[in-house]
1. If you line up the Cα atoms of segment 2-94 on their principal axes, what length do they span on each, largest first, in Å?
2. Mind listing the phi-derived Karplus ³J(HN,Hα) values for segment 56-64, rounded to whole Hz, using 6.51, -1.76 and 1.60 with θ = phi - 60°, and x for any glycine or proline?
3. Karplus couplings for segment 119-127 from phi (6.51 cos²θ - 1.76 cosθ + 1.60, θ = phi - 60°), rounded to Hz, Gly and Pro as x?
4. Where the only charges are on Cβ atoms (+1 Lys, Arg; -1 Asp, Glu), what is the dipole of segment 2-94 about its Cα centre, to the nearest 20 debye?
Amino acid sequence: MIKGFKEFILRGNVIDLAVAVVIGAAFTAVVNAIVNGVFNPLISAIFQADSLDTSLVVTIGKAQITFGAVLGAVIQFLIVAVVVYFVFVYPINIAKERAQRLRDKGVVEPDAPVTDIDLLTEIRDLLRSQQEPPVASGKHAE
């Protein structure tokens, strides 16, 4: 029972997921601070309101539609998307492309991590070598 739990916890996906959740929570706090401290005051100054949640409110009967809150959420989403792309996705894609160009040239970095493609290529080559008919050798080979 403990062994199974240990294998589950130490599995790469679980660790990666835990790290992503923690980093995501910390990152959300930073983005919220930027939106609330910079963008909300700027937009509120433009619309002359205390916050986006109270600005751009349309009242229809007893219902209030708060376009300001929606605008704030859209801005926050765009900020998150821009930061994630330019801080994480773009540099990682450049590193992967560089590593692939080196692999294509036959240059392998000494400390390069083993990728899924490397493992699959090795498995393919092993399976091919097992499926080839044995080559006869010795004095009765002819």
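1. Extents along the principal axes: 61, 37, 19 Å.
2. Each residue's phi maps through the Karplus curve to give 6, 9, 10, 9, 10, x, 9, 8, 10 Hz.
3. Running phi through 6.51 cos²θ - 1.76 cosθ + 1.60 with θ = phi - 60° gives 5, 5, 5, 5, 5, 4, 5, 5, 5 Hz.
4. Dipole magnitude for segment 2-94 comes out near 300 debye.
The numbers here are math on the coordinates, done by the rules we state, and not lab data. The model shown is predicted, which means the values in this text are computed figures rather than measured ones. In this analysis, Cβ positions are derived from the backbone assuming ideal geometry, glycine residues included, and neighbour counts consider all displayed protein chains.
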